[in-house]
1. From B:Met403, B:Met381, which residue is in contact with a Leu (Cβ under 9 Å, 6 or more places away or on another chain), modelled with pLDDT of 95 or more, assigned to a helix (DSSP H, G or I) and not hydroxyl-bearing (Ser, Thr, Tyr)?
2. For the range A:231-254, give me each residue that is among the small types (Gly, Ala, Ser) and within 12 Å of another protein chain (Cβ to nearest Cβ).
3. For the range B:1-29, enumerate the residues that are at pLDDT 95 or above and facing chain A (nearest Cβ under 7 Å).
4. Restricting attention to the range A:89-114, which residues are more than 7 Å from every other protein chain (Cβ to nearest Cβ) and in a helix (DSSP H, G or I)?
5. Could you tell me whether A:Ala120 is more than 9 Å from chain B (Cβ to nearest Cβ) and closer than 24 Å to A:Lys245 by Cα?
6. Residue pairs, Cβ under 8 Å, 6 or more apart or interchain, first in the range B:63-75 and farther than 24 Å from B:Asp452 by Cα, second acidic (Asp, Glu). List them.
7. How many residues are outside any loop (DSSP other than H, G, I, E, B) and either in contact with a Ser or Thr (Cβ under 9 Å, 6 or more places away or on another chain) or at the interface with chain A (Cβ under 9 Å from one of its Cβ atoms) (or both) when one looks only at the range B:241-259?
Amino acid sequence: MTRYTSVTDADRSEMLATIGVSSIEELFADIPAGVRLSRPLSLGQGSSEQEVFEEFRALAARNTSAEDEVSFLGGGMYDHYVPALVDSIILRSEFLTPYTPYQPEISQGGLQAMFEYQTAISELTGLPVSNASVYEGPSAVAAAGYVAKHTNRRKRFVVSRGVHPHARECLRTMAGAWDMEVVEAPLNQGTTELPELTDDVSAVIVQQPNFLGAVEDLETIAKAAHEAGGLAVAACDPLPLALLKTPGESGIDVAVGEGQSLGNRLDFGGPSFGFFAATEALMRRMPGRIAGETKDVDGKRGFVLTLQTREQHIRREKATSNICTAQALNALAGVIYLSWLGRRGVVELVELMLQRTAYARERLTALDGVFGLHDRPVVREFALELDAPVQRVIARCREHGVNPGYPLGRDYPEHENGLLVAITERRTRADIDRLVDALSAAVAAEKPVVGVTR
Amino acid sequence: MIREADDTLTIFERSKPGRRAFSPPELDVPERPLDELLSPELRRAEAPRLPEVSEPEIVRHYNRLSKRNFDLDTGFYPLGSCTMKHNPKLHERIAALPGHARLHPLQDPHQAQGALELMWRLQEALGEIAGLPHVSLQPSAGSQGELAGVLLTRAYQEDRGERRTKVLTPDTAHGTNPATVTMGGYEVVKVRSDTEGNVDLDDLRAKADEDVACLMLTNPSTLGLFETGIEEIERIVHGVGATLYYDGANLNAIMGICRPGDMGFDIVHFNLHKSFTQPHGGGGPGAGPIAVSERIEPYLPRPQVVRREASTNGAEPFYELDHDRPKSIGRLRGFQGNYGVFVRSYAYICSLGAPGLREASETAVLNANYLLARLRREGVMEYVPVAYERLCMHEFVLSGEPMRRELHIKTLDLAKRLLDHGVHPPTVYFPLIVEEALMVEPTETETKETLDRFAEVVAEILKEAREDPEVARHAPYTTPARRLDEAGAARRPIVRQAM
């Protein structure tokens with residue numbers, strides 16, 4: 001008997017007798033002999049809890065986490081401090097172990113938390129309707145594309161080169177299945193330069209701040225998209241939205257984004273959550289669960305999953321999306337985190353990052369052989385261009401316990417020696433000074449000597 | 001216990017200007033004027049109206065909410081097709097180790113060897129369980145795994161110069177199947193079930209033509225029945241050049257007993273939040289890895305975790321992310337997938353091993369058949385007969401139609417009355433081909449005593465309904481909320497807190 005099952009040998013005999021068969025084997029009589037597995041799976045014999053713990057600890061020890069180095073990695077996920085109360089609440093069995101709230105009478109806690117989450121996302125984005133979460137950031141961009149496709153049946157997406165490379169790739173993956181075209185709008189001095197928009201544009205998609213950290217002018221982009229008769233979609237980093245003009249104020253129709261920075265771990269990329277908010281007009285085209293307020297038969301306030309006729313379990317092939325299981329627990333962490341920050345705290349936190357980021361950017365771009373890739377306003381991330389091979393510079397910084405950031409070359413070959421640097425509130429001035437020293441020394445050591453061919 | 005005057009106040013309604021839970025770290029750099037860093041025209045008019053609450057209030061608020069939730073750690077949760085098995089506590093501990101939890105997704109693979117090796121080992125294990133050699137862990141949930149399957153089919157067939165237009169799904173399929181087909185750019189064609197609850201082979205033959213790209217099949221089906229004609233289904237589908245897709249929602253019945261790959265499936269998705277114990281979290285996170293055959297491999301999503309053998313003797317192999325996959329369908333999501341879920345599911349596989357996984361499936365099937373037999377013995381079959389008189393696999397489907405006719409309570413009423421007995425109801429009104437359906441999946445982690453109790457409770461409720469159907473029709477009575485006005489909620493949606 002495994003440690004997670006509870007049927008004893010005596011139980012088994014009794015249960016088989018009740019069923020009226022003489023062996024477990026008989027229960028599988030419907031499986032044709034030709035497809036049976038005639039050997040045990042090749043997977044090992046199982047281990048004790050303690051042995052499994054030690055094995056997974058050893059695997060963890062072979063990773064260099066944000067615990068082990070001073071890390072300036074960002075690019076879509078960020079090493080923010082997650083307050084203790086988040087863990088303490090989301091580890092409660094009542095939040096951790098239920099299924100999707102199909103029975104609202106016994107799921108009021110989860111449903112109300114979804115409603116609160118939707119309110120918080122609506123406040124951040126300035127848009128009236130948020131769903132209860134989608135998988136994560138990049139696929140949320142493709143999900144926004146699906147809404148645009150259904151809204152106007154047009155043939156083309158215009159996506160900024162400032163949108164996360166993974167999100168652009170997700171959009172391309174889906175556009176192929178929809179026989180739609182994806183056109184990339186270039187960046188000019190760090191921000192999106194829209195091409196002439198034709199009347200076959202379904203949606204214009206930008207990111208705020210964009211992948212290189214620059215703050216985009218969403219208002220101008222939304223206006224251009226609407227003049228062409230398309231939707232305006234913004235993939236947003238949620239924390240900077242505490243300071244920036246909101247997608248709603250800027251005329252954006254759909255705001256999506258990666259929610260990891262709101263109280264979720266890095267977890268090597270997941271699970272986190274994606275958020276999806278939109279205008280009232282698009283409410284019935286949205287993907288995913290939405291919690292709504294209502295009353296029970298006694299007239300007491302309560303919450304339910306609502307507008308379910310959009311969803312796959314009701315509408316099947318006519319559904320607005322195929323999404324079923326989303327990221328409820330991660331979204332719960334998000335709303336707890338936002339409540340912890342609060343109305344004033346969220347601004348204070350982002351202003352702190354803004355100041356430290358400005359300090360880091362100023363000090364780093366003052367170094368010999370280090371240049372700003374653009375000089376647009378930024379919030380907690382910016383891009384540099386190095387006058388030295390970036391991978392070798394990173395390797396040298398690492399020797400000093402500093403991970404200086406994400407090299408841009410794979411995603412932006414035009415910035416072969418580009419480096420993306422993120423400054424969360426966990427990176428202190430002392431950390432930034434350490435980065436300045438490490439990068440300065442590394443670039444000096446790796447910089448090509450003028451007049452000498454290396 | 002002192003009760004709050006209104007236990008449905010939201011965190012926003014508990015807000016009071018001046019309260020706070022967050023104290024910011026010190027500003028340790030020279031402060032520059034805000035306007036200089038971010039000019040006023042780039043900034044929002046007012047701060048987001050997040051709640052102003054102290055830490056004790058937040059804790060108390062969410063603890064209070066938690067008490068208005070039913071959960072698997074508290075009671076029986078026989079929700080069909082959802083595999084609500086125990087979620088081992090060890091998994092939360094190891095997933096929280098900083099080497100896993102604080103590992104950045106863009107970390108250089110040299111500094112993430114533990115994570116990449118774990119992913120590679122999970123790929124190997126899932127491939128072995130599925131009987132298919134290649135695995136991508138990327139899809140975020142079952143529905144995204146299905147989408148991957150449809151896109152892989154398209155890529156494979158287009159590479160062969162074929163452009164097919166239709167995908168077949170049985171009339172018992174989960175809603176995600178047809179929704180996925182549409183999203184993947186195909187037309188859905190429904191295949192009937194026969195009188196035994198199997199795919200109707202004649203209907204399948206009639207509909208399987210050269211325009212068909214794929215058949216998506218759940219096996220055991222959502223009726224909890226193994227497709228006895230699976231070998232013939234395979235011949236028909238492959239006979240017209242279509243792919244065979246396995247929806248892994250019901251994999252919990254067959255681990256180590258038979259394998260989708262050996263049945264001829266080309267593509268399989270797993271729900272790690274079902275068979276492999278990732279906690280459901282009230283609606284996610286999950287993960288939906290896929291396993292595929294040799295001919296589908298070139299099209300798998302990017303990047304793939306690969307193992308490079310060491311060139312020198314005695315050196316460790318190197319694990320990396322292979323982005324160079326020219327025929328790939330591309331990405332379905334960011335980064336490498338839901339790694340935290342992989343940690344938990346791989347721990348489960350390590351804990352159980354081959355014998356344990358087989359035992360889990362055997363016990364899941366034993367428990368389901370036992371519960372069905374116990375319900376028979378309670379004499380409830382007159383009112384809630386099993387939809388198909390066969391041995392079931394890990395779940396079974398009852399029809400509440402005679403109960404509705406004769407006792408004047410619907411499946412919904414039975415479900416709601418179960419809530420008063422501290423039991424989560426089965427899945428109701430699905431699959432669609434069974435009238436007043438109740439789909440019961442007890443899972444292997446439940447005791448015989450729990451199953452006995454469930455059978456008795458169902459009998460009790462039916463007895464009560466014979467005496468007075470009104471009791472069930474207005475249930476539940478003891479839950480944090482009573483029946484809610486869902487129609488009203490959809491008519492006039494209130495989807496956020498008004499301020």
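The values are calculated or read from the model by the stated rules, or taken from the named source; none is laboratory data. This is a predicted model, so every value here is computed, not measured. When we count neighbours, we look across all protein chains shown, and the Cβ atoms used for this are built from the backbone with ideal geometry, even at glycine.
1. Step by step, each of B:Met403, B:Met381 is checked, and only B:Met403 is in contact with a Leu (Cβ under 9 Å, 6 or more places away or on another chain), modelled with pLDDT of 95 or more, assigned to a helix (DSSP H, G or I) and not hydroxyl-bearing (Ser, Thr, Tyr).
2. Going through the range A:231-254, the residues among the small types (Gly, Ala, Ser) turn out to be A:232, A:234-235, A:242, A:248, A:250-251.
Matches in the range A:231-254: A:Ala235, A:Ala242, A:Gly248, A:Ser250.
3. The answer is B:Thr10, B:Ile11, B:Phe12, B:Arg20, B:Ala21, B:Phe22, B:Pro24, B:Pro25, B:Leu27, B:Asp28, B:Val29.
4. A:Ile90, A:Leu111, A:Met114, listed by residue number.
5. On the way: more than 9 Å from chain B (Cβ to nearest Cβ): no; closer than 24 Å to A:Lys245 by Cα: yes.
So A:Ala120 fails the test.
6. From the range B:63-75, the pairs are B:Arg64/B:Glu4; B:Arg64/B:Asp7; B:Ser66/A:Glu94; B:Lys67/A:Glu94; B:Arg68/B:Asp7; B:Asn69/A:Glu94.
7. From the range B:241-259, those outside any loop (DSSP other than H, G, I, E, B) are B:243-253, B:258; that's our starting set.
From what's left, either in contact with a Ser or Thr (Cβ under 9 Å, 6 or more places away or on another chain) or at the interface with chain A (Cβ under 9 Å from one of its Cβ atoms) (or both): B:243, B:245-253, B:258.
Residues in the range B:241-259 being outside any loop (DSSP other than H, G, I, E, B) and either in contact with a Ser or Thr (Cβ under 9 Å, 6 or more places away or on another chain) or at the interface with chain A (Cβ under 9 Å from one of its Cβ atoms) (or both): 11 in total.
The rows are residues; the columns are (1) more than 30 Å from B:Gly340 (Cα to Cα); (2) in contact with a Leu (Cβ under 8 Å, 6 or more places away or on another chain).
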site	(1), (2)
A:Pro247	yes, yes
A:Asp253	yes, yes
A:Asp267	no, yes
A:Thr279	yes, yes
A:Lys295	yes, yes
A:Asp298	yes, no
A:Ile314	yes, no
